[in-house]
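Since the structure comes first, as structure tokens, the remarks are kept for the end.
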Amino acid sequence: DPNVEEPKSSPRTKAFLRSQTMKSSGKNIRVLCRFRPLNDAELEMCEEGVGNVAAQFPDDQHIYLPKDEVTFTFDHVFNPEATQERVYEIVGKETINDVLNGYNGTIFAYGQTGSGKTFTMFGHDLYGEYRGLIPRASEEIFNHVEENLDVEVTYTIK
């Protein structure tokens with residue numbers, strides 16, 4: 001409309017307009033499944049013939065349970081060898097990029113006690129290869145803020 005006044009061209013306005021025109025990754029709710037490695041006690045049981053590994057991972061979207069002859073399909077499956085970095089690349093990076101572009105994002109971990117939720121979310125340390133989703137996401141957010149100091153934006157962290 002020619003009668004509509006253009007917004008002032010301040011860095012803040014440019015950042016706002018850029019965030020309004022950028023597209024999210026197009027993802028809605030995704031369901032991902034991570035299997036932790038067997039612990040020493042579980043490995044010992046398998047070696048003694050008391051237990052066995054109940055799940056097989058034919059690819060990165062399916063879990064097969066041979067005993068029941070059933071296959072489950074997810075948006076992504078992380079087998080026990082998946083690294084923290086790999087989990088972040090698939091789970092966290094896209095969500096954090098969407099958040100930095102003005103969209104809402106949630107990463108929710110659910111599972112029984114001892115299934116690896118805390119390890120996945122926090123990791124063993126804050127700085128090494130075993131850091132989890134939260135330290136990696138925090139690092140990415142603060143790096144983004146530092147790299148965009150020329151844009152006048154207010155961030156609220158709760």
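The values are calculated or read from the model by the stated rules, or taken from the named source; none is laboratory data. It should be emphasised that the depicted structure is a prediction, and the values quoted were computed from it without experimental measurement. Here the Cβ positions follow ideal geometry from the backbone for every residue, glycine too, while neighbour counts run over all protein chains shown. The accessibility values were calculated without ligands, DNA or RNA, using every heavy atom of the protein model including side chains. Shrake-Rupley method; radii C 1.70, N 1.55, O 1.52, S 1.80 Å.
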For region 102-158, report the accessible area per residue in Å² (1.4 Å probe, heavy atoms, rounded to an integer).
-> 81 Å²
Express in nm, to one decimal, how much length is gained between Tyr130 and Arg30 on full extension, taking 0.36 nm for each residue of separation and deducting their alpha carbon distance.
-> 33.6 nm
Which distance in Å, rounded to a whole number, links the C-alpha centroids of region 85-158 and region 44-84?
-> 27 Å
Label-point separation, Arg86 to Phe142 (7 Å along Cα→Cβ), nm = 2.8 nm
Pair Val53, His76: separation of 7 Å Cα→Cβ label points (nm) | 2.1 nm
Taking 120-133, 38-51, 99-112 and ranking on average Cβ neighbours within 10 Å, highest first, one gets 120-133, 99-112, 38-51
So the carbon and sulfur contribution to the accessible area of region 98-158, 1.4 Å probe, in percent, is 54 percent
